[in-house]
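The values are calculated or read from the model by the stated rules, or taken from the named source; none is laboratory data. Quick caveat, the model's predicted, so the values are computed rather than measured. Positions of Cβ are backbone-derived with ideal geometry, glycine not excepted, and every protein chain shown enters the neighbour counts.
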Amino acid sequence: MIAPALNRRQFTAGLGAIVVAFSLDPRHASGQEPPRLPGSLQTNRKLDGWLRINADGTATVFTGKVELGQGILTALAQIAAEELDLPLARIKMISGDTGQTPNEGQTAGSQSVENSGTALRMAGAEVRAILIELAAKRLGAAADQLAITDGVIAAPDGRKVGYGELAASVDLNREATAKATPKPPTSHKIVGKSIQRFDIPAKVTGGMAFVQDMRLPGMVHGRVVRPPRYGSKLDSVDEASAKAVKGVLAVVRDGSFLGVVAEREEQAVKARDALIKSAKWTPGPELPDPARIFEVIKSLPSKDATIGVKQGPVLASARVLEAVYTKPYMAHGSIGPSCALAELKDGKMTVWTHSQGVFPLRGELVKALKMPANAIRCVHAEGAGCYGHNGADDVAVDAALLARAVPGRPIRLQWMRDDEFKWEPYGPAMVMRAKAALGSDGKIADWEYELWSNSHSTRPASTNGTNVLAAWYLAEPQAMGPPTSPPQPAGGGDRNSIPLYDFPNQRVMHHFVQDMPIRVSALRTLGAYANVFALESFMDELAAAAGADPVAFRLAHMKDPRARAVIEAVAKKAAWKEGEKGDGTRGRGIGFSKYKNLACYVAVIADVEIDRATGVVRVPRAFAAVDSGLIINPDGLSAQIEGGIVQSVSWTLKEEVRFDKSGILAVDFATYPILTMPEAPKVEIELINRPTERPLGSGEGSQGPAVAAVANAFAHATGKRVRDLPFHPARVKAVLA
Amino acid sequence: MAISLKVNGVSRSVPAEPDTPLLYVLRNDLELNGAKFGCGLAQCGSCTVLIDGKAVRSCVTPIGTLEKSEITTIEGLGSLAKPHALQQAFIQEQAAQCGYCISGMIMSAKELLDRNPRPSEQDVRTALEGNLCRCGTHNRIINAVLRAAQANGRT
């Protein structure tokens, strides 16, 4: 009579697995699954994995999430301090260290507050309850009579005990129960406040702030040499020419992986130049013809999935509209090229990295270096702004490969600017086709949408391959793992492809294109930027066909009250005038999305100005309204939304990774220009706080609405629509001609 | 080969070739973190320092030309304990996301405020045109420079 006690998952796992599980884990003896715990507590279940109470009255917080410039460590410290009743100054954060912190995978997808924050909120409440229980015994008072102020627990008679005094007797080496109730929002003193970020003072005074700033005793400098294009083979190189450069300690060649180590940084750069000059390569396959790239993408083999289907009656009288939109390859283009330090000492490799996931990176290092996981430690240190899967993991592996040539000496490797632009995985080019039927009532009766995209997720760690650049070029090359796509509802290339609007009929098709002519992976929002661009542009095209105002048209198709609220709030903030006409050079437009259809609600209104003679489009101003549920740090939230809008305007007006058959042509900020200070829109933001709703991820919420607002503003101004990004002057002139 | 440089008022001798870019010497020999490597091509501004009061891209400036110059980095403006009005204003405005470009921004802004103590918003935008920010912190950076100008005006 075992079977009835088994849940479905155990049952289908097969008998052998069940027997093993029984013998290893006493919880299974009763046939019980361990209870589901909230957030990342589910996968990191011990309290002391998250929190430690120290004898000096401070608390140490461990998180697997890392600072990427988004202010997450400040927000997580706020959550922990709030639940522990400790002042923020007594919280010490330790993040992203395979030797110390929980494994929370990648810091990506606007999920840190939802996952790590939830774990810390629940663990904090539980630890606080444990401390109260201990204090009650110590003070001989009832637990519910005790009061906590700044880490000191007081009995009604005035006797007190501090957390520090209880530290020795607090045993947090136990499984979290998630039974303690976190504080209600009404009693929050730290959460919900615009706490200034911890990291900014050092960053404006020349403090040690980035992995790029680390200096270890005896440190030497590395540089790498990359092939002319993907898949090239190194035939020969004059190593002596590099070794002749003063200060050079080693030239490292492993198959087609090539690098150099020198005492001084400028010596490593000179030696790199010498290697570039003498290296002879057999070039890899030609890249596609850029003029045909979207046809190529549509023609490659794809895995197709139909998602978001609704079926209802369609009137025969409905008018049918159709449009095709495209988005080019786009670069992360971080201002600081990727950097890592590595040291091989006594058979152990330590890597300091700005990777978004130190544990997945370690997984790839195990394969690339053929070293056991317990001989590799990856420690996070901040890098320049991270907007997804950039060169961080690749440079960490490069550094480790170079470090093997100089055991006992830490090496620092920073990529050169062209390494970063030519070799980072880009946000994929995409094609989006939208088709809809407009009923005689002016409402959308049928919606059909399909998109073609490569993977937005070729990150470490691959389960069936090695997802770091250097590994593919070693003498014994390792293959990249198969491309993956996060499933709906979050989605990958199909992120935000299912409309939140209430259409009676809809059908969305995701063509997940498998072959990758150009290296791609996660760039902030994955497919959402392109899908919201297409979907919200098409909403405006339909509104125009129906003779309706864009704001009113959206509201007429939207039931979700929180979505309606942000659309109405931004219209009010921007003083949107129903039916207002553009004048040929000026206009305004709106864009909306609920990020991933499950995170923050954002509506953006943008103003544009068009110089019809030059084709230059400017966005002088943008407005946004945001609902992220319970707000942890209002100023931090504003900064993320504001930054997302400005970055999206840069993507939209200027950005495209150029290439030809010979290779990638984007090598620097001249060949890949980004938005400059005079071009940046002024942004005004309205936050809608919902203290009784759970906090929603927001780091990627505004890019989609912003591109749509700009595209719609352009159409509003000129009556013409740009359906292919970016808004290059030549393209704009052609559309207006 | 040793070259003598005057950085933040102090003369220092560094064991580097004359063609070495100033940036590497500041970061590696003098252990000053503020100036950052962004492009090595004078395109992004994150390595900006002042040389005799002028905002200069240290990544393309060889040290051999600087023996008679006064070099100022962000460390020479102020400190955590005693921040310069610009540094204070950047903290107050929370004018950094990743913060990698910020030292360069502040040094370009310093040059601006030295020659134009009461700049307009447009003046600030123009002065910072050669300093790139990727996180989209532009609004806060502009506000911080204007705030610092106001603070200077009061003293």
Scanning segment A:615-642 for residues that are touching a helix residue (DSSP H, G or I) at 6+ places or on another chain (Cβ under 9 Å) and within 11 Å of another protein chain (Cβ to nearest Cβ), which turns out nearest to B:Ala96 (Cα to Cα)? A:Ala639
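The rows are residues; the columns are (1) assigned by TED's automatic domain parsing to the domain that holds A:Ala534; (2) within 13 Å of A:Pro428 (Cβ to Cβ); (3) part of a loop (DSSP other than H, G, I, E, B).
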| position | (1), (2), (3) |
| --- | --- |
| A:Glu476 | no, no, yes |
| A:Ala479 | no, no, yes |
| A:Pro487 | no, no, yes |
| A:Asn496 | yes, no, yes |
| A:Tyr501 | yes, no, yes |
| A:Met509 | yes, no, no |
| A:Phe512 | yes, yes, no |
| A:Pro517 | yes, yes, yes |
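Just checking, how many residues over segment A:37-90 are more than 14 Å from every other protein chain (Cβ to nearest Cβ) and outside any loop (DSSP other than H, G, I, E, B)?
Within segment A:37-90, the subset more than 14 Å from every other protein chain (Cβ to nearest Cβ) is A:37-65, A:76-90.
Those still in the list that are outside any loop (DSSP other than H, G, I, E, B) too: A:39-42, A:46-49, A:51-53, A:59-63, A:76-84, A:88-90.
Within segment A:37-90, residues that are more than 14 Å from every other protein chain (Cβ to nearest Cβ) and outside any loop (DSSP other than H, G, I, E, B) number 28.
Table: residues versus (1) in contact (Cβ under 8 Å) with a residue 12 or more places away in the chain; (2) of a type outside the set (Gly, Ala, Ser); (3) within 30 Å of A:Met122 (Cβ to Cβ).
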| site | (1), (2), (3) |
| --- | --- |
| A:Ser650 | yes, no, no |
| A:Ile674 | yes, yes, no |
| A:Lys682 | yes, yes, no |
| A:Arg690 | yes, yes, yes |
| A:Arg721 | yes, yes, no |
| A:Asp724 | yes, yes, no |
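Considering only residues of segment B:7-16 that are assigned to a loop (DSSP other than H, G, I, E, B) and in contact (Cβ under 8 Å) with a residue 24 or more places away in the chain, which is nearest to the other protein chains (Cβ to nearest Cβ)? Can you show your working first?
So in segment B:7-16, the residues assigned to a loop (DSSP other than H, G, I, E, B) come out as B:8-9, B:15-16.
Those left that are additionally in contact (Cβ under 8 Å) with a residue 24 or more places away in the chain: B:8-9, B:16.
Details: B:Asn8: 10, B:Gly9: 15, B:Ala16: 7 Å.
That would be B:Ala16.
If you check A:Leu234 against the conditions, is it of a type in the set (A, V, I, L, M), touching a Ser or Thr at 6+ places or on another chain (Cβ under 7 Å) and either farther than 30 Å from B:Gly99 by Cα or not assigned by TED's automatic domain parsing to the domain that holds A:Asp660 (or both)? Step through it out loud before you land on a result.
On the way: of a type in the set (A, V, I, L, M): yes; touching a Ser or Thr at 6+ places or on another chain (Cβ under 7 Å): yes; either farther than 30 Å from B:Gly99 by Cα or not assigned by TED's automatic domain parsing to the domain that holds A:Asp660 (or both): yes.
Here the answer is yes, as A:Leu234 does meet what is asked.
Right, A:Val220: closer than 30 Å to B:Gly76 by Cα, among the β-branched types (Val, Ile, Thr), touching a Cys at 6+ places or on another chain (Cβ under 8 Å) and touching a residue at least 40 places away in the same chain (Cβ under 8 Å) or not?
In short, no.
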Criterion (within 14 Å of chain B (Cβ to nearest Cβ), surrounded by 18 or more Cβ atoms within 10 Å (Cβ to Cβ), in contact with a Phe, Trp or Tyr (Cβ under 8 Å, 6 or more places away or on another chain) and of a type outside the set (S, T, N, Q)) met by exactly one of A:Ile195, A:Ile200: A:Ile200
Residue, surrounded by the most Cβ atoms within 10 Å (Cβ to Cβ), within segment B:53-104, restricted to residues that are assigned to a helix (DSSP H, G or I), within 10 Å of the chain's Cα centre (by Cα) and within 8 Å of another protein chain (Cβ to nearest Cβ): B:Ser103
Do we find that B:Ala109 is more than 10 Å from chain A (Cβ to nearest Cβ), surrounded by fewer than 17 Cβ atoms within 10 Å (Cβ to Cβ) and in a helix (DSSP H, G or I) in this structure? no
Might you check whether a residue that is of a type in the set (Ser, Thr, Tyr), crowded, with 24+ Cβ neighbours inside 10 Å and at the interface with chain A (Cβ under 7 Å from one of its Cβ atoms) occurs anywhere in segment B:134-151? yes
Taking into account only those residues within segment B:20-35 that are in contact (Cβ under 8 Å) with a residue 40 or more places away in the chain and within 17 Å of A:Arg223 (Cβ to Cβ), which is farthest from the other protein chains (Cβ to nearest Cβ)? B:Pro21
I need the full set of residues from segment A:475-484 which are in contact (Cβ under 8 Å) with a residue 40 or more places away in the chain and buried (at least 18 other Cβ atoms within 10 Å of the Cβ), in order please. A:Gln478
Considering residues that are over 11 Å from B:Ile63 (Cβ atoms) and not basic (Lys, Arg), the number found within segment B:16-29 is 1
From the option list A:Arg554, A:Arg564, A:Arg524, single residue qualifying as within 29 Å of the chain's Cα centre (by Cα), under 21 Å from A:Gly492 (Cβ atoms) and of a type in the set (Lys, Arg) is A:Arg524
Which of (1) outside any loop (DSSP other than H, G, I, E, B); (2) more than 7 Å from chain A (Cβ to nearest Cβ); (3) of a type in the set (Gly, Ala, Ser) does B:Gly45 not meet, given it meets every other one? (1)
Strands (runs of 3 or more DSSP E) wholly inside segment A:228-337 containing at least 3 residues that are surrounded by 18 or more Cβ atoms within 10 Å (Cβ to Cβ): A:248-254, A:257-262, A:319-327
Only unsatisfied item for A:Glu642, checking (1) surrounded by 24 or more Cβ atoms within 10 Å (Cβ to Cβ); (2) outside any helix (DSSP H, G or I); (3) in contact with a strand residue (DSSP E or B) (Cβ under 6 Å, 6 or more places away or on another chain); (4) not hydrophobic (A, V, I, L, M, F, W, C), is (2)
Of these, A:Arg588, A:Arg621, which one is crowded, with 16+ Cβ neighbours inside 10 Å, in contact (Cβ under 8 Å) with a residue 60 or more places away in the chain, in contact with a Pro (Cβ under 7 Å, 6 or more places away or on another chain) and not in a loop (DSSP other than H, G, I, E, B)? A:Arg621
Would you mind telling me which numbered condition in (1) surrounded by fewer than 22 Cβ atoms within 10 Å (Cβ to Cβ); (2) in contact with a Leu (Cβ under 8 Å, 6 or more places away or on another chain); (3) small (Gly, Ala, Ser); (4) within 30 Å of A:Ser440 (Cα to Cα) A:Ala534 fails? (1)
Filter result for B:Asp29 (surrounded by fewer than 24 Cβ atoms within 10 Å (Cβ to Cβ), on the phi > 0 side of the Ramachandran plot and not polar (S, T, N, Q)): no
Residue count, segment A:658-707 (criterion: in contact with a Ser or Thr (Cβ under 7 Å, 6 or more places away or on another chain), surrounded by fewer than 22 Cβ atoms within 10 Å (Cβ to Cβ) and either among the hydroxyl-bearing types (Ser, Thr, Tyr) or at the interface with chain B (Cβ under 10 Å from one of its Cβ atoms) (or both)): 2
Within the set of pairs 6 or more residues apart or between chains, which connect a residue that is of a type in the set (Ser, Thr, Tyr) inside segment A:624-640 to a residue that is assigned to a strand (DSSP E or B) with Cβ atoms less than 7 Å apart? A:Ser638/A:Ile685; A:Ser638/A:Leu687
Scan segment A:118-153 residue by residue and report those that are in a helix (DSSP H, G or I), among the small types (Gly, Ala, Ser) and either more than 18 Å from A:Leu47 (Cβ to Cβ) or modelled with pLDDT under 95 (or both). A:Ala136, A:Ala143
Filter the strands (runs of 3 or more DSSP E) completely within segment A:389-458 down to those with at least 1 residues that are surrounded by fewer than 23 Cβ atoms within 10 Å (Cβ to Cβ). A:430-438, A:444-453
